[in-house]
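The values are calculated or read from the model by the stated rules, or taken from the named source; none is laboratory data. Only a predicted model underlies this, so the values are computations on that prediction, with no experimental measurement involved. Cβ placement follows ideal geometry from the backbone for every residue including glycine, while neighbour counts extend to all protein chains displayed. Remember, those area values only see protein heavy atoms, side chains included, never the ligands or the DNA or RNA. Shrake-Rupley method; radii C 1.70, N 1.55, O 1.52, S 1.80 Å.
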Amino acid sequence: MKMMQTNSNVTLEETRVQEDPKPESTKLETDVENEYCEVKVENLNFFYGSVQALFNVTIKVQEKGVAALIGPSGCGKSTFLRVLNRMNDLIPGTRLEGKVSIHGENIYTPNTDVVNLRKKVGMVFQHPNPFPKSIFDNIAYGPRIDGLKDKIMLSEIVETSLQGAALWNEVKDRLNEPALALSGGQQQRLCIARALAVKPRILLMDEPTSAIDPIATQKIEDLIRDLCANYTIIIVTHNMQQAARISDHTGFFLQGEMVEWGKTSSLFTNPEDQRTEDYITGRFG
Amino acid sequence: MKTEALSRGIVLEKKKSEWRSYELVGFWALRLTLVLVLLILGVIVFDIVSKGAGVINWEFLTQPPRVGMTEGGIFPAIVGTFYVTMITIAFAVPLGVGAAIYLNEYAVQGKFTRLVRMSVRNLAGVPSIVFGLFGMAIFVKIFGFGPSLIAAGFTLGLLTLPVTVTASEEALRTVPKAYREGSFALGATRWQVVRTVVLPRAIPGILTGTILGLARAAGETAPILATGAAFFLPHLPDSIRSQFMALPYHLFIMSTQHHAISQVRPIAYGTALVLLALVCLLNLAAVLLRKRYRDRVAKGL
Ligand SMILES: Nc1ncnc2c1ncn2[C@@H]1O[C@H](COP(=O)(O)OP(=O)(O)O)[C@@H](O)[C@H]1O
Ligand SMILES: [Mg+2]
């Protein structure tokens, strides 16, 4: 508790220091820091009402690949993920400090197009949530709300998306059947296909395998490895083995803080922070 | 030692059996109330059917009243009730569903929405004669509709609004959050979420609630008394500004205001039966709709 308090004090001071020389520095920043980043988060503080859920989180995801976020439950992993596509906007009373940029663009400006952002940054949820519509209509959902009506183009998108999610062969003969008739694992791949149909560049996944069986989990892990050639994937998991198996980078969250962020291989074999070591060796959480 | 334990056991046994008999009494008391309710309902329905069925024939349903309303049928009242119900739907459904969508999907939940909800709920408890008075003041006088189908339809619409809003809100609330989130995450705007995910899911519930509200409105007399219902009209209404005859009002006249009440009693019972059948039909429609909706949910479409 005490630690948190000092931490938030530090955060406040830092923000103040940053804010003072703002007029010149913002411009400079964008000019100087022109390096390309898929996702860049700086000094992020996040609040549910008066309760702070994230403390001074800073992270850079520089290239395509899989980034895993691990940590005990309630430490803010989902909150962080939902910052990246502004899903937290839907929860009343939330507030955010700091800077979040995707592909070099600050996504928390007054004129950010949130709808466009969410098309660029897709999301897969913990519990598979296909719409109560047919398999076809589920995949075609995104393109349709984008105004696409052409049947042939829609069919093409449905096929490529389902192939992209390694589900095509299982469902190609039953596209008009309810998506809810699929198994849990298939439903989750359907949700991935549904996200792919919008042609995102980043995919956020919040414990996508925690509600499905081991064999289906295996399939989704394979799928994630395939997808990461073309998409930046940020996945939350509370399964450390999974993080170790599929990710290139790993971040360890604890009580709303990003304790450590680095290459998966080094984080798991050679953690810098004592708390990370305690966690991955199973001493708590 | 042993006997003591034994006697304590007996006491316990006794307590248990005492409890059981209490429970039995309570159970039968509850059962009795149920039987009583059914009995009352049965007597009412039996009374109306047995006395009304005799007069119902094709002529009764398709002819206007004749000879100072002592003979003939109730056709104009059936038509009038149909028309006024249509206007009620046209008024109450868009307004009620729209308000529910706004309250549940758009408005920031807080003091204001709580206040609105509370007001709407309380509106449901306002006596229907008060709605009638209000309708007369607003629609007949201030809006200048005069006593007419439209003034009465709007007044009945106001009366059903609490039911429509509450039922619609309930239906909207049952749509799982996961669907909304899934849709938002694909880049849908709020209206797209409502239109493509929430409404398709909620419409059956909205409809059933609305039909039940209408069934109540269709049987109301007080709200149309001063807003457009007529004692007797020689011809059918020809515009929404016309006055009209209506089943509940006709029934009211035939049973209390007519110059030869005992002579027209059978007609009154016939009218009551038609009105009852109409309301039952609407309720049946609501039940069927709900069933179809349940089946659809079970199939996942
Ligand atoms: N909608 C919400 N309103 C208020 N507090 C929330 C909400 N969602 C999460 N929290 C709080 O924020 C903290 C982080 O939650 P979360 O991001 O869901 O953790 P994780 O995904 O790591 O389990 C928790 O303490 C949780 O209670
Ligand atoms: Mg979570």
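Some notes on this structure:
- Scanning segment B:255-301 for residues that are within 14 Å of another protein chain (Cβ to nearest Cβ), surrounded by fewer than 12 Cβ atoms within 10 Å (Cβ to Cβ) and of a type in the set (Gly, Ala, Ser) yields one hit, B:Ala298.
- A search for C-beta distances below 6 Å between a residue of segment A:70-87 that is more than 14 Å from chain B (Cβ to nearest Cβ) and any residue that is more than 6 Å from ligand 1 (Cβ to nearest atom) and assigned to a helix (DSSP H, G or I), counting only pairs 6+ apart in sequence or on different chains, returns A:Ile70/A:Met240; A:Ile70/A:Ala243.
- Matching residues, segment A:102-111, being open to solvent by 10 Å² or more (accessible area, probe 1.4 Å) and in contact (Cβ under 8 Å) with a residue 24 or more places away in the chain: A:His103, A:Gly104
- Restricting A:Lys40, A:Lys120 to residues that are more than 15 Å from ligand 1 (Cβ to nearest atom) and open to solvent by 50 Å² or more (accessible area, probe 1.4 Å) narrows the list to A:Lys120.
- When A:Ala229, A:Ala211, A:Ala195 are checked against the criterion of being touching a residue at least 12 places away in the same chain (Cβ under 8 Å) and within 16 Å of ligand 1 (Cβ to nearest atom), A:Ala211 stands alone in meeting it.
- Within segment B:122-134, one or more residues are in the same structural domain as B:Arg216 (by TED's automatic domain parsing), part of a loop (DSSP other than H, G, I, E, B) and under 30 Å from B:Leu236 (Cα atoms).
Every residue, every condition in (1) part of a loop (DSSP other than H, G, I, E, B); (2) buried (at least 23 other Cβ atoms within 10 Å of the Cβ); (3) on the phi < 0 side of the Ramachandran plot; (4) more than 13 Å from ligand 2 (Cβ to nearest atom), yes or no:
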| residue | (1), (2), (3), (4) |
| --- | --- |
| A:Phe55 | no, no, yes, yes |
| A:Ile59 | no, no, yes, yes |
| A:Phe80 | no, yes, yes, no |
| A:Asn88 | no, no, yes, no |
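- When A:Glu63 is tested against (1) more than 13 Å from ligand 1 (Cβ to nearest atom); (2) loosely packed, with under 13 Cβ neighbours inside 10 Å; (3) over 24 Å from A:Leu267 (Cα atoms), only condition (3) is not met.
- Remark: A:Lys119 matches the filter, which requires a residue to be among the basic types (Lys, Arg) and in a helix (DSSP H, G or I).
- Count of segment A:178-199 residues which are facing another protein chain (nearest Cβ under 9 Å) and within 10 Å of A:Val124 (Cβ to Cβ): 3
- Tallying residues that are within 16 Å of ligand 2 (Cβ to nearest atom) and farther than 14 Å from A:Val61 by Cα within segment A:222-248 yields 7.
- Matching residues, segment B:81-113, being under 21 Å from B:Pro176 (Cα atoms) and in contact (Cβ under 8 Å) with a residue 40 or more places away in the chain: B:Val97, B:Ala99, B:Ala100, B:Ile101, B:Leu103, B:Asn104, B:Glu105, B:Tyr106
- Residue in segment B:87-102 that is surrounded by fewer than 16 Cβ atoms within 10 Å (Cβ to Cβ) and not in a helix (DSSP H, G or I) present: no
- Check on A:Val114, more than 16 Å from ligand 1 (Cβ to nearest atom) and under 16 Å from the mean Cα position of the chain (by Cα): yes
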